[in-house]
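These notes are about the structure you will find just below.
The values are calculated or read from the model by the stated rules, or taken from the named source; none is laboratory data. Since the model is a prediction, treat every value here as computed from it, not as a measurement. Quick reminder, even Gly has a Cβ in these numbers, built from the backbone with ideal geometry, and neighbours come from all protein chains shown. In case anyone asks, the SASA skips ligands and DNA or RNA and just uses the protein heavy atoms, side chains included. Shrake-Rupley method; radii C 1.70, N 1.55, O 1.52, S 1.80 Å.
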Amino acid sequence: MKEKIKSITLVLLVVCSLVQSYFLIYRLPGSNPVVKTANEYIKTENMGTELEADELLYPSQITVHLGDNRHTVFYPESTFYNLIYSRLKGRQFDGFQRYPVNNINWSEIRSEQIGLELEFGKGMPVELLQKVMQITKDPLFEGESISRLLIYSTDTEEQVRVFFFSSRGDVVYEATKADLRMQYVKQQADFGKDWISYTLEKGYYIPEQSIEMVETTLRTGLFSTEQMQSIFFDPSITRYIREKDGSEIYTDGRRSLQVRQSRNWINYTDPVAAAVTGESSPGRNALSAVDFVNQHGGWNGKYRLDQSEGPNAESQTVMFQQYYGSGQYGAFPIIDQSTFHYGVISLELRQGTITGYERSLIYSLGEKADKQVIKLAGGDELRRKIELLSHESVIKRLYPAYLPTLGENGLKLTPMWVAELQNGATRILP
């Protein structure tokens with residue numbers, strides 16, 4: 001009998017302990033619980049897809065040099081672009097030697113020799129290029145960022161010459177041991193013989209006839225403030241501040257998220273992270289940036305890494321440029337504007353740690369039915385448009401792109417020629 005009473009007493013004590021624990025954890029009925037269930041947080045897994053780093057590493061364009069100042073340009077996602085790039089990925093590059101960039105007349109080589117040229121924008125770290133191309137590790141070369149790769153053959157040499165241009169603009173690296181032969185380069189160049197002819201003028205390429213692009217309007221959605229807030233903060237400890245300009249700031253006392261509703265844009269900062277010491281290099285920073293975006297909103301569309309080095313070794317900006325299009329016409333960048341921020345995802349890093357993150361709240365739901373093929377000016381008509389910029393600065397690069405505008409029907413993408421100037425400015429040709 002005593003044993004039975006002891007057993008009952010023990011059971012009652014256990015039950016009382018469980019009840020007490022429940023009230024300690026969840027407080028009193030009607031109050032907010034300290035522990036929140038997963039269902040009470042905004043689900044963010046459908047905000048965007050995750051991407052591997054190598055899906056973001058590709059040239060902004062591939063130029064084919066045909067000799068006699070004849071060229072053509074292939075853009076991402078077009079058939080010949082994909083074919084040339086996929087074949088180059090399997091080739092080996094080794095035996096690097098460094099030279100001052102001014103030792104060779106590059107314009108003459110581009111005009112007279114048969115070859116290929118891959119442009120990587122503001123610079124691609126070598127350690128990232130090694131993820132998509134067979135580049136042998138070399139201490140002379142590995143710390144560099146590459147802006148372009150030039151491959152060409154001469155009539156007097158069977159061996160092809162291969163040059164990697166530093167994004168700093170002062171040196172170039174030759175891969176003296178590359179498994180490329182003259183016949184291989186000529187086969188790739190043959191893809192451009194019947195394509196639109198471009199002329200090299202003052203360092204950039206002008207098509208001698210109009211080029212075609214697709215103008216379209218995209219149906220869009222908008223990430224909510226709650227969605228963006230939930231991927232950075234615990235809502236139970238988040239404070240809300242409304243600024244005079246109408247923007248909203250959410251903070252947990254350390255980090256802050258500024259939401260500009262009028263511009264559909266967010267700016268996340270974590271200044272305390274700058275005090276964290278970590279390994280830093282352009283390649284590692286870019287990989288950290290890819291991981292951060294994967295975990296904080298994901299990707300909505302096609303992006304390309306447009307690497308931008310910072311003012312010093314400790315600080316760096318990594319920017320991802322959004323592209324639109326595929327198939328016959330190719331994919332083209334969507335231009336970010338000061339009046340309408342869209343088309344880029346930007347991250348600030350300090351000593352390898354993310355301290356800033358900016359992106360649009362707008363995302364695409366797919367095309368509407370009103371897309372149409374339009375022609376961008378080429379030849380003398382394009383030259384006249386370029387002449388209007390001659391008084392401002394030297395043109396560094398000329399390329400087709402999409403100008404985004406947001407209206408009642410969705411996000412309209414209008415094809416435009418864009419000039420990148422020597423002084424860093426970007427101008428849209430009228």
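Overview of results
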read-out	value
The stretch 42-136: trypsin sites (Lys or Arg not before Pro) in DSSP coil with no more than 16 other Cβ atoms inside 10 Å	43
Coordinate range along principal axes, alpha carbons of the stretch 41-158, Å, largest first	66, 35, 25
Of 198, 266, 220, farthest towards positive along the dipole that unit charges on Lys, Arg, Asp, Glu beta carbons give the stretch 188-289	266
Förster-model FRET efficiency, 22 Å R0, residue 243 and residue 315, C-beta, rounded to 0.05	0.25
Loop-resident sites, the stretch 325-430, for trypsin sites (Lys or Arg not before Pro), counting at most 14 other Cβ within 10 Å (DSSP)	368, 371
Full-stretch length increase - residue 94, residue 272 - with 0.36 nm per residue and alpha-carbon distance subtracted	59.9 nm
Cα lying deepest toward the dipole's positive end in the chain, options 294, 79, 182, charges on Cβ	294
Net charge dipole size for the chain [Lys, Arg +1 and Asp, Glu -1 on Cβ; Debye, nearest 20]	1360 debye
Per-selection Rg to Rh, the stretch 124-182 - Cα, Kirkwood hydrodynamic radius	0.98
Span-like helix ranges in the chain, DSSP H, alpha carbon extent 15 angstrom or more, Kyte mean at least -0.5	2-26, 79-89, 282-295
Sparse-neighbour loop sites [GluC sites (Glu not before Pro); the stretch 340-377; at most 10 other C-beta within 10 Å; DSSP]	none
Calculated Rg and Dmax of the stretch 324-385 using C-alpha coordinates, Å	17.2, 49
Per residue, in Å², the accessible surface of the stretch 96-195 once ligands and nucleic acids are set aside, probe 1.4 Å	46 Å²
Solvent-accessible heavy-atom area per residue, rounded to whole Å², over the stretch 327-382 at 1.4 Å	42 Å²
Separation of alpha-carbon centers, the stretch 305-381 and the stretch 59-115, rounded to whole Å	24 Å
Percent carbon-and-sulfur accessible area, the chain, ignoring ligands, DNA and RNA, probe 1.4 Å	49 percent
Where Rh is the Kirkwood radius over Cα pairs, Rg/Rh for the stretch 216-347	0.98
Scattering profile of the chain at q = 0.13, 0.14 Å⁻¹ [log10 I(q)/I(0), Debye over alpha-carbon scatterers]	-1.22, -1.37
Computed magnitude of the charge dipole of the stretch 168-325 (debye, nearest 20; Cβ of K, R +1, Cβ of D, E -1)	160 debye
Directionally averaged projected area (convex hull, Cα atoms, the stretch 79-145), nm²	5.6 nm²
